Each structure stands twice: as structure tokens, then as C-alpha cells.
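First up is the structure itself, then whatever we jot down about it.
The values are calculated or read from the model by the stated rules, or taken from the named source; none is laboratory data. Because the structure is predicted, anything quoted here is derived from the model rather than measured. Glycine also receives a Cβ, built like all others from the backbone with ideal geometry; neighbour counts cover every protein chain displayed.
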Amino acid sequence: MNTTRSSRRPRVAALTLTLTLTLTLTLAMLLGACAQTPSQPESSPTTGEPPRLSGSVATDAGPPALTPVALNPDLPQTYTVAPGDTLWSIAQRYLQNPWQWRDIWRQNPQVRNPNRIYPGDTLRFSHDPSGLPQLEIAEREEVPLLKLSPEIRIEELTQPIPPVPRDAVESFLTRALILDEAHWKAMPYIVADEEDRILIASRDRIYARGALFDQPRYQVFRPSEALREPGSGRYLGTAGLYIGEAILEKDGDPATFRLANTIAPVRPGDRLFEFEAESELYSFEPHPVPPDTDGFIIAKLDTDVTQIAQYSSVILNLGAQEGLEPGHVLAVQGKGRTIQDPVSGSRLNLPGERSGLVMVYKVHDLVSYALVMQAERSIRLQDRVTTP
């Protein structure tokens, strides 16, 4: 018996539907089995994971637990910013730990430059709908745009408040260098003055070589002490001492300069550097360093003082390679000491106590400059710096 095409269609359709349902059920069972069988238990640690370096932050452990914000009990509900205020001094009015500034600051998108605070701004303290404390600019009188006719005017420009006192750090922003030995040797240098003296003073004419001089003014630096890491002795760079300025009179080999604004006698062999643009002091805000950061104070920049006190500048053996950035706050830990127990006569190790806080304001690859914000007791070279 012959079977026509029309009589075979129902059987083919039924077979196709049966195969489709069977494949669908099989695939669903396989997917369900895969979902119930994890590839690795969540509670078991990953084998072979390298240890974290000092100052590093794990990226696969989820967000770190937030430290509760410690508010001052007598904080003002409103505060009008005054000339001379700093971000740190304002943070101290509201927080027991000023480095928690980012946890309470709320930028107001309706205000121009919301990340900057100016003298005359009124700050308002409140709590957000979830009950977390916050601080924001309550009001600001915007300066209207005026059409001015061409004429000479003398105006006082309003600048945002800096995070730290300007006079404590601005000289170090452009007058402090740390270079390795190869970079020091590659810089142009002073060969002599016009009278062949060993010590050269301001306004004297000098001669230098080692570069094509195309700038009108240069800074004079002298290589000083080599910076080394405590314990390992690893070389971190060579600091430079700022000596003064050199004004170009005539390029050549050698080129002719006139010294100006020197703060110490210039010597043959001192190096010349082009001027750098001064960093913006309002470009950072206080915040704590990453967990487990651990370093040391290895030098101080204030050569005219013998003790490290508030607003002294120090050098840390931590830099960009350890994740440091301007605004990072670290606690200073004094050294422990060993005493003799007056009763038992045995030797007893006393722990070191926190002696202050420092805030980083300039960062190099291996080292950074920090300003002492609080000095609760004596701070010394080789003191440890850690997470506050």
C-alpha cells in the first residue's frame, strides 16, 4: 500500500515533538545538577595564594568592614568657614578621627566646585534617611558675572581652603627632590664662578654645563644623604638640598648664570633643575591608608630644627609602589623599650605607644613626604607608621 505525503505529516510532527521534549528535559536536569554542585567550597581557602604585601588591599574578599564614624559630642550643627581654616582643622571640629572625613562629607551637586570649600561657606551637619551622619555646604553666594572694561585692577583672589597649612608644606612641594644616583649624575651642574671661589654667594656670576639651557630661571640643588630602608638597608634614593636660584644670562658650553635668592653658599658640583609647577594644595583630602600598611620615618626635611614636632615634614619609606597617595593618614608608633622588673629582676619589654599622626602630601615611587598633624608625645626617626 502506498503512503501519500499528506498521510505521513502527523506522524513526523509527533516524532519531532517527542524528541524536542526529551532533549529539553535532559538539558534541564543537567543544568540543575551543575547548579547544585559548586566548583569549589566557599569555606575552603584558596591554596597557593601569595601573601599580601604591606599596604596592599585584597580585591576578592568583598568590601572591607566600615569603621564606625566617631563624632565629637559637642560638634557644631552649622559652621562658617573662616580664613586660615584647613580641611584638617574643620574635620577635627566634627570627628574624633579626622581621617574619616570622606565618611561624612556630602558633595552638593547644586554648588559650583562641590569638592572645594571656601572661606565664607556655611557647613551644615545632619543625618541622612538611613541615619548616617553627613556634612554639606548649606549655602554659598555665587559671584555674579560682570562685564568689565579694560583697566588695571588689584583684586584679592579667593582660594579654597587647603587640607593642611600652606606655609608648612608649600616650600617642600617644589623645593624637595629625591632622585636615584643615575638621575643626579645626569643633571647639569655648576663648574665654577668668575673668580674661582669655593663658596659662591647670591648675585655672583657662575658657569654651568651639561644641558641646552632654554629656561630663564633654574633651581640649584645639592645631593645630600642617601635614604635607606631600616633593617634591610635597601637604597631608596638620594635627597636634595635646595640652595637657591640661577638666572640664565647666556647659553653656551659653559653657560653663564647669575645667582639669586640663595639660602646657603653654592659650590661647584651643585646641580641645576628647571622649575616645576606647584601642586594644588586642595587636590586631596584626609583618608586612612590601606589596612596592614607598615613603614618607618627615615628622615626629616626641617633642617633648622632638632626635634620633630607638629607641622614638621618627614620622609617615609613608603611610596607609590605601596599604594600611598596624597591625603593618606598614618599613625606614628613610638619605639618600645626594655626595662628591668623592679620586683622580679627579670627583663621586661614595654610596647611602644602612639605618638602622633602624619598626613602624606607628596609621593615618589619609593618614599613620600608627610606632615606631622598631631604630636602627642616625642616623635623620632625610625618610629613606625601604621594604619590609624
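List the number of the failed condition for residue 214; all other conditions in (1) part of a loop (DSSP other than H, G, I, E, B); (2) charged (D, E, K, R); (3) surrounded by 16 or more Cβ atoms within 10 Å (Cβ to Cβ) hold.
Answer for residue 214: the failing condition is (3).
Of the residues 206, 190, 178, only one is touching a His at 6+ places or on another chain (Cβ under 6 Å), at negative phi and in a strand (DSSP E or B); which? Explain how you work it out, then say what you get.
Values: 206 fails: touching a His at 6+ places or on another chain (Cβ under 6 Å); 190 fails: touching a His at 6+ places or on another chain (Cβ under 6 Å).
Within the list 206, 190, 178, the selection yields 178.
Looking at 226, 331, 309, which one is farther than 24 Å from residue 89 by Cβ and not assigned by TED's automatic domain parsing to the domain that holds residue 116? Explain how you work it out, then say what you get.
Working: 331 fails: farther than 24 Å from residue 89 by Cβ; 309 fails: farther than 24 Å from residue 89 by Cβ.
Residue meeting the stated conditions: 226.
Do we find that residue 343 is in contact with a strand residue (DSSP E or B) (Cβ under 6 Å, 6 or more places away or on another chain), more than 17 Å from residue 382 (Cα to Cα) and not polar (S, T, N, Q) in this structure?
Details: in contact with a strand residue (DSSP E or B) (Cβ under 6 Å, 6 or more places away or on another chain): no; more than 17 Å from residue 382 (Cα to Cα): yes; not polar (S, T, N, Q): yes.
Spelling it out, it is not the case that residue 343 is in contact with a strand residue (DSSP E or B) (Cβ under 6 Å, 6 or more places away or on another chain), more than 17 Å from residue 382 (Cα to Cα) and not polar (S, T, N, Q).
Pick out the one residue from 348, 330, 324, 318 that is more than 19 Å from residue 237 (Cβ to Cβ), surrounded by 17 or more Cβ atoms within 10 Å (Cβ to Cβ) and not aromatic (Phe, Trp, Tyr). Give the steps one after another, and end with the answer.
Details: 348 fails: surrounded by 17 or more Cβ atoms within 10 Å (Cβ to Cβ); 324 fails: more than 19 Å from residue 237 (Cβ to Cβ); 318 fails: more than 19 Å from residue 237 (Cβ to Cβ).
The match here is 330.
Would you point out which residue out of 302, 341 is over 20 Å from residue 88 (Cβ atoms) and free of Cβ contacts under 8 Å to residues at least 12 places away in the same chain? Steps first, answer last, please.
Values: 302 fails: over 20 Å from residue 88 (Cβ atoms).
After ruling out the rest, the residue left standing is 341.
Would it be correct to say that residue 202 is of a type in the set (Ser, Thr, Tyr), surrounded by fewer than 17 Cβ atoms within 10 Å (Cβ to Cβ) and under 20 Å from residue 268 (Cα atoms)?
On the way: of a type in the set (Ser, Thr, Tyr): yes; surrounded by fewer than 17 Cβ atoms within 10 Å (Cβ to Cβ): yes; under 20 Å from residue 268 (Cα atoms): yes.
Yes, satisfied.
Which condition from (1) over 26 Å from residue 321 (Cα atoms); (2) basic (Lys, Arg); (3) surrounded by 15 or more Cβ atoms within 10 Å (Cβ to Cβ) is the one that residue 250 breaks?
With respect to (1) over 26 Å from residue 321 (Cα atoms); (2) basic (Lys, Arg); (3) surrounded by 15 or more Cβ atoms within 10 Å (Cβ to Cβ), residue 250 is out only on (3).
Give me the pairs: first residue in region 370-384 and charged (D, E, K, R), second residue in a loop (DSSP other than H, G, I, E, B) and buried (at least 23 other Cβ atoms within 10 Å of the Cβ), beta-carbon distance under 6 Å, and six or more apart or on different chains, which are they?
none
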